[in-house]
Structure formats: C-alpha cells, structure tokens
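Working notes, beginning with the structure itself.
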C-alpha cells in the first residue's frame with residue numbers, strides 16, 4: 001500500500017512521457033529550485049513539512065499521515081542522499097490524470113547510501129498561490 005501511494009502520485013508522470021509541450025527554460029529554473037528545496041526537506045526526514053509545502057493537488061490526493069508512512073517505508077531504507085543531479089526537465093501544460101496547468105517534470109540522477117543509482121522524478125506545478133510546489137514524486 002505504501003508503494004502504491006507513491007506510485008499513484010507518480011503514475012501521471014510515467015504516462016506523461018508521450019505528451020509533448022514546448023519547453024520554457026525561464027519557468028523551468030524556479031520549478032527546479034522549488035523541487036530541490038522540497039527534496040532537501042525529504043532528505044532531512046522532514047516528511048510532514050514536505051507534505052505541508054506540497055501543492056494543494058498533492059495534499060488532496062494523499063493524507064499527511066499516509067505520506068509520512070510512505071516516505072518512512074521508501075526513503076529511510078535508502079539512507080542519506082549522497083549526490084543528486086538534474087538529468088532532464090520538461091515544461092508541460094497538460095499531464096494525464098491531472099488538471100491542466102503549468103508543470104515541470106524533472107528527473108534527477110540520485111545516489112543514496114544504500115542505493116548507488118536511482119532516478120527521482122519530481123513534478124512541481126504552479127499552485128493557486130502563484131508558487132511552484134511539488135505535485136508528484138516517484139523513485140525508481
């Protein structure tokens with residue numbers, strides 16, 4: 001069930017591979033910065049704070065307690081993050097299963113203490129308060 005919650009949030013990310021939208025580097029930069037800031041919270045075990053700082057869409061999809069339990073089950077065994085680099089970033093205005101809006105699908109190549117090579121997919125969206133906030137997170 002724990003992996004299902006994270007997979008559910010990441011599902012629309014996986015389906016988005018075939019969806020094409022024009023890139024917009026000026027919008028990608030603040031979205032990447034927001035994703036990195038959010039990932040820092042997750043890296044430090046601040047799971048409740050990461051939920052509170054997520055997009056409203058995210059918070060409507062997953063309850064705070066479910067999110068905390070999911071990350072404890074998935075992230076804790078990986079150990080601390082050793083390195084993380086942006087592999088790709090794509091600005092999009094439409095994602096399967098999500099409302100139309102502004103999104104940046106970002107893939108990070110990440111190395112953890114207990115997993116040398118992982119791909120983290122983080123999808124910030126422009127939230128109603130005009131801030132980039134994470135709406136999806138998936139690790140493979």
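Any read-out appearing in this document is the output of simple, stated calculations on the displayed coordinates, not a laboratory observation. Keep in mind the model is a prediction, meaning the values are calculated, not measured. Reconstructed Cβ throughout: ideal geometry from the backbone, glycine too, with neighbour counts over all protein chains shown.
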Conditions (1) assigned to a helix (DSSP H, G or I); (2) in contact with a strand residue (DSSP E or B) (Cβ under 7 Å, 6 or more places away or on another chain): number failed by residue 117: (1)
Residue 33 vs. criteria surrounded by fewer than 19 Cβ atoms within 10 Å (Cβ to Cβ), in contact with a helix residue (DSSP H, G or I) (Cβ under 8 Å, 6 or more places away or on another chain) and in a helix (DSSP H, G or I): no
Of all residues in region 42-74 being under 12 Å from residue 122 (Cβ atoms) and touching a helix residue (DSSP H, G or I) at 6+ places or on another chain (Cβ under 6 Å), the one that is surrounded by the most Cβ atoms within 10 Å (Cβ to Cβ): 50
